[in-house]
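The values are calculated or read from the model by the stated rules, or taken from the named source; none is laboratory data. The shown structure was predicted, so the numbers you read here are calculated from the model rather than taken from an experiment. Cβ coordinates were reconstructed from backbone atoms using ideal geometry, including for glycine residues, and neighbour counts include every protein chain displayed.
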Amino acid sequence: MERHASILYILVVFLLIFQIISFVFISVQFSKLDSKINSEISGAKKNLTEKFTELLNKYDEENQRLFNDLSLAMAHQAAQQKSFESEITSLKQTKDDFSEVIELSIKGVVAVLTDNSMGSGFIVTRDGYVVTNYHVIQRSSNIRILTYDKKPLTAGVVGVDRLRDLALLKIEGEYDYLKVADSDELQVGKKVIAIGNPLGLSFTVTEGIISGLDRKGPNGLEEYVQTDVSLNPGNSGGPLINTKGEVVGINNFKIGGAESLGFALESDSIRNSVNLILEQEIIK
């Protein structure tokens, strides 16, 4: 009986040891497996992060490229639109009629009335400086200006350039004015208009082309633009205007007895003379 008990006891101890060993072995294997799984998961996470970062960078690069392409396309479209609008404006301005140019320019033209003559002039600054021919106001003590909106004003003489037959007047107030063009850009054959008051007919418009440049005037100076624009008494002192609405000359004289031979002092001479009279640059 005791022998059987001892055998049973040994079996129990053996089983207990076997279970402990098995548990330790299983724990070690499980730990290794867990470590391997964690390592693989960590590697997978790392790979996934790297893949995601790579894709994100590619996405950003693609978006940046698309943005750059879009910006260039928009800039190109804006340039084309500007060019198109410029062409349309040019086409409008070079049509047979000057209606758009006249509408923008005529408010800067005035009639000049004295006690013994009548002529034209044009406003060159917002604060009311007016340019006309000297012979229009010569020997006059009373000078009046009639604006396009029929407003009568008294004008004072600021100064004159007798050599170039120019006079600078001043009226009070603020007005639409005309820009003075660069004479170097004038070309024979370009269309022009004259706005003035021929024979007392206020604000009459005549059209023609530039026939010649650097013509010699009665003063011996080669500073005159020849045109075929119809000029009559009363046009003197009025502006010769290009298709941009800029003053290219001041209508001065015509050849008596000849058709379509009018002459205007070129714009650069107007600018230089006026600025010299005032001793400051009021015409840019």
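Hey, does the stretch 135-144 have a residue that's touching a helix residue (DSSP H, G or I) at 6+ places or on another chain (Cβ under 8 Å) and either modelled with pLDDT of 95 or more or over 17 Å from residue 246 (Cβ atoms) (or both)? Yes, some residue in the stretch 135-144 is touching a helix residue (DSSP H, G or I) at 6+ places or on another chain (Cβ under 8 Å) and either modelled with pLDDT of 95 or more or over 17 Å from residue 246 (Cβ atoms) (or both). State whether one or more residues within the stretch 195-207 are assigned to a strand (DSSP E or B), acidic (Asp, Glu) and surrounded by fewer than 19 Cβ atoms within 10 Å (Cβ to Cβ). Yes, the stretch 195-207 contains at least one residue that is assigned to a strand (DSSP E or B), acidic (Asp, Glu) and surrounded by fewer than 19 Cβ atoms within 10 Å (Cβ to Cβ). When you look at residue 126, is it of a type in the set (Lys, Arg) and over 27 Å from the mean Cα position of the chain (by Cα), yes or no? So residue 126 does not fit the description; no.
When we screen 189, 212, 220, 196 for residues that are under 30 Å from residue 154 (Cα atoms) and of a type in the set (Gly, Ala, Ser), the only hit is 196. Within the stretch 141-159, restricting attention to residues that are of a type in the set (Val, Ile, Thr) and within 34 Å of the chain's Cα centre (by Cα), the residue that is farthest from residue 106 (Cα to Cα) is 158.
I'm trying to understand the selection: among the residues of the stretch 108-136, which are under 13 Å from residue 170 (Cα atoms) and outside any strand (DSSP E or B)? Correct list: 124, 125, 126, 127, 128.
Of the residues that sit in the stretch 71-105 and are in contact with an Asp or Glu (Cβ under 9 Å, 6 or more places away or on another chain) and of a type outside the set (Ser, Thr, Tyr), which one is modelled with the highest pLDDT? Filtering first and then ranking leaves 104. Would you check if residue 164 is assigned by TED's automatic domain parsing to the domain that holds residue 175 and over 20 Å from residue 197 (Cα atoms)? So residue 164 passes the test.
Of all the residues in the stretch 216-226, those that are at pLDDT 95 or above and surrounded by 15 or more Cβ atoms within 10 Å (Cβ to Cβ) number 5. When residue 173 is tested against (1) among the small types (Gly, Ala, Ser); (2) surrounded by fewer than 13 Cβ atoms within 10 Å (Cβ to Cβ); (3) part of a strand (DSSP E or B), just one condition goes unmet, and that condition is (3).
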